[in-house]
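In what follows, a structure is listed as structure tokens, so that the remarks can point back to it.
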Amino acid sequence: KLLQDHYISVVKSSPAYQQVQEALASVASYLGINKGDAAAAAGISTTAATAMVASNGRGGASRWAALNTPETRRLLLSLAGTGLSVLVAWLVLRRLLSELADPASKDHAAAKQAAARILRSIGADPSVRLTDYELVLAADLVDPAGLDATWADIGGLDEAIAELRESVVLPLRHPRLAERSRLLQPPKGVLLYGPPGCGKTLIAKATAKAAGARFLNVRLSSLFDKWVGESEKRVEALFSLAQKLQPVIVFVDELDSFLGNRDRMGGGHECSEKVKTQFMTFWDGLLTRSDSRVVVMGATNRRHAVDAAILRRLPCQVRIGLPDEAQRLRILEVLLAGEPIGGDVAAGLNRVAAATPGLSGSDLRELCRLAAVGRLRRVLAEAQGDADAAVEAAVSQHAVGLDDLLAAAERLRIASGVGDLGSASSSVDVIAPCPVD
């Protein structure tokens with residue numbers, strides 16, 4: 001008995017024994033039980049643990065021999081199983097808590113994956129590190145090569161194109177102009193205003209493509225968040241993302257719905273007002289940086305409804321109004337270029353332009369579509385035999401004629417609900433003056 005007690009006291013004083021005790025204490029503390037219960041849960045007795053520790057305190061051969069004992073293997077397997085179960089439980093709990101805290105986490109993850117693909121496709125600098133908020137917004141980023149709008153797709157807006165080319169495109173494509181003269185720096189804000197359907201969004205995309213700038217289309221749903229403080233972080237991420245990937249044109253469609261006149265609206269929701277203030281604050285940060293190649297471009301049908309503080313940040317304002325007869329003729333030529341048309345169209349297209357006063361560019365596109373559908377309808381009605389064969393014959397014989405275009409113009413006139421299409425121009429193309437303090 002004396003020898004056994006002496007043997008146990010020697011073993012307990014060894015470093016290996018202390019390590020085992022510390023491990024058992026850690027497990028017991030984590031599980032909220034005492035150390036004796038932890039040893040019992042592991043399936044080891046005091047005598048077995050003492051023998052195992054004593055063996056570990058000897059030479060290398062004895063240490064490996066001790067690992068082969070049933071008691072030692074049971075201890076190691078029990079500790080490993082407990083640790084793995086705790087780890088799995090912690091991972092599952094963290095996943096559940098993250099989904100409860102952010103129900104849209106799956107949508108955010110999908111947006112981040114889409115943004116990562118876009119960044120690779122546009123050849124972004126791999127050294128650029130984006131935050132989670134920036135990755136979500138990067139899903140709306142379009143590379144210049146991916147834009148399908150060019151100046152050639154726009155007809156009848158030569159003055160607007162010239163203004164944008166000189167003020168925006170040249171400084172962005174040739175930054176040395178801005179380095180040489182501060183007066184030639186690109187404007188930090190551009191406003192495209194005018195009636196709906198006149199091509200404001202198309203012009204914005206064509207400007208970005210001509211300037212070789214990335215096009216960041218801002219969606220209000222990507223800025224506003226129901227959680228307090230998240231919307232402000234997204235606004236900050238919007239400008240930091242544009243600054244990292246410049247040159248960038250940040251496009252905000254329907255500007256009046258986001259940055260509307262606060263006086264006329266009688267104030268707004270507190271969260272919305274904070275987002276507007278944050279947006280203007282970071283916008284001012286662009287204004288103070290001479291090397292910035294980020295341009296905020298907005299489009300609106302109601303210039304008078306935009307806040308005066310926003311209009312001051314949009315020094316370059318280009319009006320995109322309803323086309324006149326010469327501009328409508330040019331738009332029709334662009335829309336029908338490359339399309340199968342009859343020989344009488346080229347000579348009589350001016351008649352269509354004269355018969356469509358008050359129509360916008362999108363209205364003229366719809367006119368051409370109606371003419372093509374009307375022609376297809378007549379060809380199918382005249383075809384005989386199998387329906388599929390009739391469709392193939394219609395495809396080969398399909399050519400829009402002047403009568404088709406004039407009939408489509410009359411159909412639009414009736415659908416408009418007015419006796420004369422010309423009356424539409426005076427009721428739509430009215431731009432109120434901007435209030436100035």
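The values are calculated or read from the model by the stated rules, or taken from the named source; none is laboratory data. Since the structure is predicted, the reported quantities are computational estimates derived from the model, not experimental observations. As a convention, Cβ positions derive from the backbone with ideal geometry for all residues, glycine included, and neighbour counts pool all protein chains shown.
Every residue in segment 86-127 that is in the same structural domain as L216 (by TED's automatic domain parsing) and at pLDDT 75 or above, please. Residues satisfying the conditions do not exist here. For segment 240-259, a residue qualifies if it is more than 15 Å from I310 (Cβ to Cβ) and not polar (S, T, N, Q), and the qualifying residues are L241, A242, K244, L245, P247, V248, I249.
Screening N261 against (1) touching an Asp or Glu at 6+ places or on another chain (Cβ under 6 Å); (2) surrounded by fewer than 21 Cβ atoms within 10 Å (Cβ to Cβ); (3) under 13 Å from L141 (Cβ atoms) leaves a single unmet condition, (3).
All of (1) buried (at least 19 other Cβ atoms within 10 Å of the Cβ); (2) at pLDDT below 90; (3) closer than 30 Å to Q327 by Cβ hold for A138 with one exception: (3).
Any residue that is among the small types (G, A, S), within 16 Å of E254 (Cα to Cα) and either out of contact with any Gly (no Cβ under 8 Å at 6 or more places or on another chain) or buried (at least 20 other Cβ atoms within 10 Å of the Cβ) (or both) - is there at least one of those in segment 299-307? Don't jump to the end; show me each part of the working.
Kept after step one, since they are among the small types (G, A, S), are these residues of segment 299-307: 299, 305.
Pick out the ones that are also within 16 Å of E254 (Cα to Cα) and you get 299, 305.
Okay, now just the ones that are also either out of contact with any Gly (no Cβ under 8 Å at 6 or more places or on another chain) or buried (at least 20 other Cβ atoms within 10 Å of the Cβ) (or both), so 299.
Yes, that holds for at least one residue.
Of all residues in segment 308-358, those satisfying the criterion of being among the charged types (D, E, K, R) and surrounded by fewer than 21 Cβ atoms within 10 Å (Cβ to Cβ) are R312, R313, R319, D324, E325, R330, E333, E339, D344, R351. Of the residues making up segment 154-164, those that are at negative phi and surrounded by 16 or more Cβ atoms within 10 Å (Cβ to Cβ) are I154, G155, L157, A160, I161, E163, L164.
Of the residues making up segment 291-309, those that are over 20 Å from R173 (Cα atoms) and either in contact with a strand residue (DSSP E or B) (Cβ under 8 Å, 6 or more places away or on another chain) or of a type in the set (K, R) (or both) are G298, A299, T300, N301, R302, R303, A305, V306, D307. Residues in segment 364-377 include none that are surrounded by 17 or more Cβ atoms within 10 Å (Cβ to Cβ) and β-branched (V, I, T). Of everything in segment 281-304 that is farther than 16 Å from V190 by Cβ and part of a helix (DSSP H, G or I), the residue that is modelled with the highest pLDDT is H304. Within segment 381-419, take every residue that is farther than 21 Å from E366 by Cα and at pLDDT 70 or above and give me the one that is surrounded by the most Cβ atoms within 10 Å (Cβ to Cβ). The extreme case among them is E382.
Return the only residue of G321, G338 being of a type outside the set (A, V, I, L, M), under 19 Å from E163 (Cβ atoms) and not in a helix (DSSP H, G or I).
Working: G338 fails: under 19 Å from E163 (Cβ atoms).
Selected residue: G321, the only one of G321, G338 that is of a type outside the set (A, V, I, L, M), under 19 Å from E163 (Cβ atoms) and not in a helix (DSSP H, G or I).
Yes or no, residue by residue, for (1) of a type in the set (D, E, K, R); (2) in the same structural domain as D363 (by TED's automatic domain parsing):
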| position | (1), (2) |
| --- | --- |
| V294 | no, no |
| G298 | no, no |
| H304 | no, no |
| A308 | no, no |
| R312 | yes, no |
| P315 | no, no |
| L329 | no, yes |
| E333 | yes, yes |
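From the set of residues in segment 364-380 that are out of contact with any strand residue (DSSP E or B) (no Cβ under 6 Å at 6 or more places or on another chain) and modelled with pLDDT under 90, which is farthest from D324 (Cα to Cα)? Restricting to residues being out of contact with any strand residue (DSSP E or B) (no Cβ under 6 Å at 6 or more places or on another chain) and modelled with pLDDT under 90, the top hit is L380. Restricted to segment 179-252, the set of helices (runs of 4 or more DSSP H) holding at least 1 residues that are of a type in the set (G, A, S), buried (at least 24 other Cβ atoms within 10 Å of the Cβ) and at pLDDT 90 or above comprises 200-211.
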